[in-house]
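**Student:** I'd like to ask you about the structure that follows.
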Amino acid sequence: MTMAEPEVLEALKRVPLVAKEPADRIETERLGGLTNRNYKVVIGSARYVLRIPGAKTSDYINRKVEAHNAHAAAEAGVNAEVLFFDEADGLMLCRYLDGCVSMTPELFHRRAGAPARAALALRRVHRSGRQFEFRFELFAMIDEYLGVLARLGTPLPDGYHDVVREAGSVRQALDKHPVALAPCHCDPLSENFLDDGKRMWVVDWEYSGMNDPFWDLGDMSVEAGFDEAQDREMMEAYCGGQTSAAQQGRMVIYKAMCDLLWTLWGLIQFANKNPVDDFWAYAINRFARCKALMGQSEFTRHLAAVIASPA
């Protein structure tokens, strides 16, 4: 821990709970984050997480929606308690979760039972009965992101529009037996899971909304790089036992679709000159993985299973 950086001190002045704390009592530690700057903040015996939103994130994130959904997820016992949220720009202060490890793909492979605990955390919010604002609609979001990129003058990977057209068969399969929408995280990056070894919490609800819950499962599998055994552990924990071909198929379909969507997100980060990562390579790699999965004969079998029966 170190003395607080100037931007942290300025941000904390906007938070009534801590606005009057003297600077010499405030210690901070920089945490991870791709688009935002996150800090652990210690003031005496109190511990918080401060999220300072990244530049231009309001171009594609509705902070009012996020505020509502983050509070609802906390009330459902899945998210950390939200103590302050400025809907104008997304500045947020949350309670720090003691005893938890911020997950990574590597930790998901090393920590026994982690895929199951993560699946149960997602199931808890999915079945909470809460109503999230915003409808996370995959193909509408692809169109929206394409519009952002067009305005930014950013090129697309070769063949992107061809794959979007091919995804029309995916849309038809998913629409054949639509599932009840549920409050979903929609961006289950490994680092958004906090694990104490017995249960997990899920943070960072920027992209959350009402969605097909199998999106969260497919996306989590992709982000953590799950193998077949981990997919089985995740799905059996979520479904409470052996899964059907339609449930498995729906999850696999969303593995491809999340890569199709987040390819565009990566290109937006590239266009906005986000320095955190090589976002051009990020986008190209995700698009290549999407095409590879959609090109497998197994993918066709999963499509057929989804068409044949409800999940």
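The values are calculated or read from the model by the stated rules, or taken from the named source; none is laboratory data. Bear in mind the structure is a predicted one, so any value in this text is a computation, not a measurement. When we count neighbours, we look across all protein chains shown, and the Cβ atoms used for this are built from the backbone with ideal geometry, even at glycine. The accessibility values were calculated without ligands, DNA or RNA, using every heavy atom of the protein model including side chains. Shrake-Rupley method; radii C 1.70, N 1.55, O 1.52, S 1.80 Å.
Each row is one residue, and each column tells you yes or no for (1) touching a strand residue (DSSP E or B) at 6+ places or on another chain (Cβ under 9 Å); (2) modelled with pLDDT under 95; (3) on the phi > 0 side of the Ramachandran plot; (4) of a type in the set (Lys, Arg).
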| site | (1), (2), (3), (4) |
| --- | --- |
| 96 | yes, no, no, no |
| 104 | no, no, no, no |
| 107 | yes, no, no, no |
| 113 | no, no, yes, no |
| 122 | yes, no, no, no |
| 131 | yes, no, no, no |
| 138 | yes, yes, no, no |
| 152 | no, yes, no, no |
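**Student:** Which one of the conditions (1) farther than 28 Å from residue 295 by Cα; (2) under 13 Å from the mean Cα position of the chain (by Cα); (3) hydrophobic (A, V, I, L, M, F, W, C) does residue 200 fail to meet, given that it meets all the rest?
**Tutor:** Residue 200 satisfies all of (1) farther than 28 Å from residue 295 by Cα; (2) under 13 Å from the mean Cα position of the chain (by Cα); (3) hydrophobic (A, V, I, L, M, F, W, C) except (2).
**Student:** Please find, within region 32-49, the residue that is least open to solvent (accessible area, probe 1.4 Å) out of those that are under 13 Å from residue 92 (Cβ atoms) and either out of contact with any Leu (no Cβ under 6 Å at 6 or more places or on another chain) or outside any strand (DSSP E or B) (or both).
**Tutor:** In this case the residue turns out to be 36.
**Student:** Out of the strands (runs of 3 or more DSSP E) lying entirely within region 133-202, which hold 1 or more residues that are touching a helix residue (DSSP H, G or I) at 6+ places or on another chain (Cβ under 9 Å), among the hydrophobic types (A, V, I, L, M, F, W, C) and without any contact (Cβ under 8 Å) to a residue 12 or more places away in the chain?
**Tutor:** Numbers: elements: 182-184, 193-195, 200-202.
In region 133-202, there are no strands (runs of 3 or more DSSP E) which contain 1 or more residues that are touching a helix residue (DSSP H, G or I) at 6+ places or on another chain (Cβ under 9 Å), among the hydrophobic types (A, V, I, L, M, F, W, C) and without any contact (Cβ under 8 Å) to a residue 12 or more places away in the chain.
**Student:** Could I ask something else about it? If I ask for residues that are farther than 22 Å from residue 150 by Cα, of a type outside the set (Val, Ile, Thr) and either part of a loop (DSSP other than H, G, I, E, B) or open to solvent by 80 Å² or more (accessible area, probe 1.4 Å) (or both), which ones from region 278-307 would you list?
**Tutor:** Passing the criteria: 289, 291, 295, 296, 297, 298, 301.
**Student:** Sticking with this one: Within the group 106, 87, which residue is open to solvent by 60 Å² or more (accessible area, probe 1.4 Å), over 23 Å from residue 235 (Cβ atoms), without any contact (Cβ under 8 Å) to a residue 60 or more places away in the chain and touching a helix residue (DSSP H, G or I) at 6+ places or on another chain (Cβ under 9 Å)?
**Tutor:** None of the others qualify; the one that does is 87.
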